[in-house]
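Asks: Input: one structure, supplied below.
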Amino acid sequence: MSKTISYRFFSRIVHNDAMKEDPPEIYGWRASFLAMSSGFGAMLFGMDSSIISGVVVLPAFLDTFGLSGAKNKTALANLQANIVSTLQAGCFVGALIAGIMADKLGRRRSLMVAATIVLCGVLLQFNSWGHLEPLYVGRFVAGLGVGVCSVVTPLYTSENVPRAIRGLLTGTYQFFIVLGGMLAYWINYGADLHLPGDSSWVVPLAVQGLPAVLLLVCIWFCNESPRWLARQDRWEEARVVLAKVRALPTDHAYIEAEYSDMYTQLEHERALMAGAGFWALMKEMWLVPGNRKRSILVVVLMICQQMTGTNAINNYAPLIFQNIGITGHSTGLFATGIYGIVKCISCAIFLLFLADTLGRRKSLLWTSIGQGCCMLFIGLYIRISPPKKGEPIPPVGYVALVCIFLFAAFFQFGWGPVCWIYASEIPTLRLRALTVALAAATQWLFNFVVARSVPVMLTTVGPNGFGTYIIFCAFAFAMFFFTWFFIPETKGLSLEAMDTLFGVVPHGEFHLERADSISKPDDKKHVENVAVKVESS
């Protein structure tokens with residue numbers, strides 16, 4: 001077996017048993033290209049939610065939309081919150097319909113439809129010209145497409161890529177989110193410095209459509225998910241696509257084993273719960289204990305992800321920096337750009353060196369403490385020694401600024417990418433689209449809650465809004481205990497091994513013969529080690 005350049009690269013940064021046992025050919029360019037292509041759906045998320053954070057503070061935007069004369073800070077904060085959070089409202093609806101859409105149309109076609117919807121929404125936004133109505137409608141329509149992508153992108157990637165690097169490549173979803181956010185921050189900063197008049201807000205809003213165009217073009221050259229094809233009983237197509245994306249012959253032993261695992265799991269699921277209609281799937285999700293546990297876990301993880309406060313900073317970064325004493329909208333936009341760079345670098349380091357080596361559980365544990373400490377320090381600084389208008393920032397204020405950057409790094413080392421990796425890999429095949437849709441809808445619902453409430457919280461929750469940071473700090477520390485007691489490790493396991501890991505077996509009993517049926521040796525060993533822990537929790 002020839003060891004490709006891709007394999008040599010991945011083997012240097014990923015250290016798990018699956019990497020040692022799988023054929024080197026499966027780590028070729030196809031899986032990486034597929035993950036990068038679908039990643040533009042995630043870039044939509046990052047760019048569309050971050051562009052607006054800089055646009056709503058631009059003088060030209062405030063003048064054009066009649067907001068510059070607002071004397072009531074709370075009223076202005078409410079209006080800005082409405083503009084920002086309309087996208088999240090659309091994303092929530094998009095995420096709700098994405099599961100059914102992904103199952104009916106397929107993963108690949110759903111991404112293409114979503115990209116088209118986003119382009120329509122972006123067109124409405126940059127043609128609003130002082131009218132709030134088309135701006136609201138445009139952000140809601142774009143949100144529909146972004147919401148669909150937030151479900152289908154990690155789902156599509158996880159169902160295609162090899163198990164040893166599934167964490168890394170599925171986690172590129174989070175990397176593309178922060179990459180889109182970073183680009184958005186610097187686009188806002190450049191537009192403020194170099195574009196005159198209304199073009200300073202029109203151009204950033206128009207650029208939001210660029211990831212949608214890239215998604216449409218790149219996904220055209222990618223294959224459909226073999227696991228979706230299998231679920232449609234298109235077994236021969238599934239085998240051919242699986243062999244293509246693994247760069248192996250259709251009769252190779254590895255393809256036979258993975259194909260057999262897909263067939264066995266799907267038949268087992270159908271035997272457990274007949275029918276594939278919506279209500280049959282809902283019964284299967286909530287009445288089978290192992291499925292119910294997985295659904296609850298991903299919902300709670302997504303709530304926790306938002307309650308770290310990350311999207312409070314993403315959506316209102318210039319306002320947050322003003323809150324800790326950074327003055328001038330250009331300076332705030334520059335600091336926001338640096339924040340985006342920190343997020344990008346941190347996420348890349350995590351995905352390359354830790355996602356499939358350190359694992360999911362440990363990453364969530366230590367970053368919970370790190371994020372909580374950062375938020376605690378910022379809250380105490382604003383409460384005890386708040387910045388004063390017209391005076392230079394005290395040294396402790398710069399430490400608070402560093403804490404925002406550290407918070408961004410901690411989030412990208414854990415709660416940013418891991419939640420999406422976990423939500424897309426643990427569901428059973430028949431319920432994967434529905435479970436990821438549930439997770440994404442939860443994420444967008446609480447993203448909306450945060451986006452809508454934070455500007456008001458910064459003006460009402462304690463002196464100078466210090467209580468906002470203390471609330472996020474409390475959630476971060478609580479998340480440590482939730483992870484410690486309820487989250488099992490999944491690194492290196494095949495998707496088909498998740499049923500046994502979560503105890504989805506007849507009569508609720510764990511039989512070692514189920515573990516024996518797993519074709520990949522490291523899956524069997526890992527499942528046997530954790531099965532008792534999972535059942536007891």
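The values are calculated or read from the model by the stated rules, or taken from the named source; none is laboratory data. Everything quoted here is computed from the prediction, not taken from an experiment. Ideal geometry is used to build each Cβ from the backbone, glycine not excepted, and the neighbour counts take in all protein chains shown. Ligands, DNA and RNA are excluded from the accessible area calculation, which covers all protein heavy atoms including side chains. Shrake-Rupley method; radii C 1.70, N 1.55, O 1.52, S 1.80 Å.
Asks: Quick one: helix 73-105 against the long Cα principal axis of the chain, what's the angle to the nearest 10°, folded into 0 to 90?
Replies: Between the helix axis and the principal axis of the chain, the angle is about 20 degrees.
Asks: So how strong a dipole does the range 136-233 carry about its Cα centre when Lys and Arg Cβ are +1 and Asp and Glu Cβ are -1, to the nearest 20 debye? Intermediate values should be presented prior to the final figure.
Replies: Details: 5 positive and 5 negative charges, 66 e Å.
Dipole of the range 136-233, to the nearest 20 debye: 320 debye.
Asks: Taking all protein chains as present, what is the carbon and sulfur share of the accessible area of the range 49-139, in % to the nearest whole number, probe 1.4 Å?
Replies: Numbers: 2310 of 3490 Å².
Here carbon and sulfur together make up 66 percent of the probe-accessible area.
Asks: So, by mean Cβ neighbours within 10 angstrom, what's the order for 141-154, 427-440 with the highest one leading? Intermediate values should be presented prior to the final figure.
Replies: Values: 141-154: 31.0, 427-440: 26.0.
Per-residue Cβ counts within 10 Å, averaged per peptide and sorted highest first, yield 141-154, 427-440.
Asks: Which one of Val245, Ala474, Pro387 has its Cα pushed farthest toward the positive end of the charge dipole of the chain, where Lys and Arg give +1 and Asp and Glu give -1 at the Cβ?
Replies: Pro387
Asks: Compute the long axis of helix 466-486 from its Cα atoms, compare it with the longest principal axis of the Cα atoms of the chain, and write down the angle in degrees, 0 to 90, nearest 10.
Replies: For helix 466-486, the angle is close to 10 degrees.
Asks: Rounded to the nearest 500, what is the 222 nm mean residue ellipticity of the chain from helices alone, with -39500 (n - 2.57) per DSSP H run of 4+ residues and division by all residues? Intermediate results must be reported in sequence, preceding the final value.
Replies: Values: 26 runs with 408 residues, N = 537.
The per-residue figure over the chain is -25000 deg cm²/dmol.
Asks: Further, regarding this structure: Could you sort 446-457, 39-50 so that the peptide with the highest average Cβ count within 10 Å comes first and the rest follow in order?
Replies: Values: 446-457: 21.8, 39-50: 28.7.
Top to bottom by mean Cβ count within 10 Å: 39-50, 446-457.
Asks: Keeping every protein chain present and rolling a 1.4 Å probe, give me the accessible area per residue for the chain in Å².
Replies: Working: 19370 Å² over 537 residues.
Ligands and nucleic acids excluded, the result is 36 Å² per residue.
Asks: Let me ask something additional. Run the accessible area of the range 390-509 with a 1.4 Å probe and give the carbon-and-sulfur part as a rounded percent.
Replies: Numbers: 2870 of 3690 Å².
Carbon and sulfur atoms account for 78 percent of the accessible area of the range 390-509.
Asks: Could you point to the label whose value was computed as semi-axes √(5λ) of the Cα gyration tensor in Å for the structure here, given [x] 52, 29, 18; [y] 52, 33, 22; [z] 41, 25, 21?
Replies: [z]
Asks: Quick check: net charge around Gly143, other residues with Cβ under 14 Å of its Cβ, Lys/Arg +1 and Asp/Glu -1?
Replies: Working: positive: Arg139, Arg452; negative: Asp48.
Net of charged neighbours comes to +1.
Asks: With a 4.7 Å Cβ cut-off, tell me which Cys residues in the chain come up empty for a partner.
Replies: Cys91, Cys120, Cys149, Cys218, Cys222, Cys304, Cys344, Cys347, Cys373, Cys419, Cys473
Asks: With a 10 Å radius around each residue's Cβ, average the other Cβ atoms per peptide and rank 120-131, 223-234, highest first. Provide the component values of the computation, followed by the final result.
Replies: Numbers: 120-131: 18.1, 223-234: 20.2.
Listed from highest to lowest mean packing, they are 223-234, 120-131.
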